[in-house]
Amino acid sequence: MRRTDREVTDVVKIREILEKAQIVHIGMVDEGRPYVVPMHYGYRYENGVLTLYMHGAKEGRKCDILAKNPQVFIEIETDVEDVSGGEIACNYGSSYASIMGDGKADIVTEAAEKVEALQILMRTQTKRDFVITEQMSESVQVFRIVVPHLTAKCRPKMR
């Protein structure tokens, strides 16, 4: 990481970023071309390993790409605000907090894990617990992305 002064290694701060953000951008490669999809997510972050859960349709371009190549890159950001540079254009920028990393995607097929993944997703997105049954989970595909190593950065808003 070039800007080590912005690096975030504190687990509590990484969890704060994951809790605040709502969308993960998932980068894939489709026959040599990049393809990025924004998705809501739920997460687990244990022992430095990030596991993301997303849900979507059971068919489509994303499913086709991941079946051929499960390697992905994820990017999550939050707290994005303009930083004024006054009268000097080069002094403008943004404050932010972000997480990035590469990982591997797969489809959750085991019924109990699928239900748990959807509950984690809903808790992350709404801060509430929901009852989700196996029958409810049957209508969607649940994707899991394991990110064994991530980087996190933060440029706080200047006061």
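Details
- Qualifying residue in the stretch 119-132 (condition: more than 30 Å from residue 3 (Cβ to Cβ), in contact with a Cys (Cβ under 7 Å, 6 or more places away or on another chain) and not acidic (Asp, Glu)): no
- Strands (runs of 3 or more DSSP E) (entirely within the stretch 41-153) containing at least 2 residues that are among the acidic types (Asp, Glu): 71-83, 93-107
- Residue match in the stretch 11-23 (condition: acidic (Asp, Glu), assigned to a loop (DSSP other than H, G, I, E, B) and either in contact (Cβ under 8 Å) with a residue 12 or more places away in the chain or out of contact with any Leu (no Cβ under 8 Å at 6 or more places or on another chain) (or both)): no
- Residue list for the stretch 1-10, filter: within 30 Å of residue 127 (Cα to Cα) and without any contact (Cβ under 8 Å) to a residue 40 or more places away in the chain: 10
- Residues of the stretch 71-82 satisfying the condition of being in contact (Cβ under 8 Å) with a residue 60 or more places away in the chain and loosely packed, with under 14 Cβ neighbours inside 10 Å: 81
- Test for residue 102: is it on the phi > 0 side of the Ramachandran plot and surrounded by 14 or more Cβ atoms within 10 Å (Cβ to Cβ): no
- In the stretch 119-159, the residues that are exposed (fewer than 15 other Cβ atoms within 10 Å of the Cβ) and more than 18 Å from residue 43 (Cβ to Cβ): 131, 133, 134, 135, 136, 138, 139, 156, 157, 158, 159
- Cβ pairs under 7 Å, 6+ apart, first in the stretch 30-49 and at negative phi and among the small types (Gly, Ala, Ser), second in a strand (DSSP E or B) and surrounded by 14 or more Cβ atoms within 10 Å (Cβ to Cβ): 42/53
- Note on the stretch 105-118: residues that are of a type outside the set (A, V, I, L, M) and either at pLDDT below 95 or surrounded by fewer than 16 Cβ atoms within 10 Å (Cβ to Cβ) (or both) total 4.
- Qualifying positions in the stretch 114-126 - without any contact (Cβ under 8 Å) to a residue 12 or more places away in the chain and not hydroxyl-bearing (Ser, Thr, Tyr): 116
- Yes/no for residue 61 being in contact with a strand residue (DSSP E or B) (Cβ under 9 Å, 6 or more places away or on another chain), without any contact (Cβ under 8 Å) to a residue 60 or more places away in the chain and not small (Gly, Ala, Ser): yes
- Long-range neighbours under 9 Å by Cβ, at least six apart or interchain, first residue closer than 16 Å to residue 24 by Cα within the stretch 133-152, second at pLDDT below 95 and acidic (Asp, Glu): 151/7; 152/7; 152/10
The values are calculated or read from the model by the stated rules, or taken from the named source; none is laboratory data. Treat the numbers as computed from the prediction; the structure is a model and nothing was measured. Glycine gets a Cβ as well: all are built from the backbone with ideal geometry, and neighbour counts include every protein chain shown.
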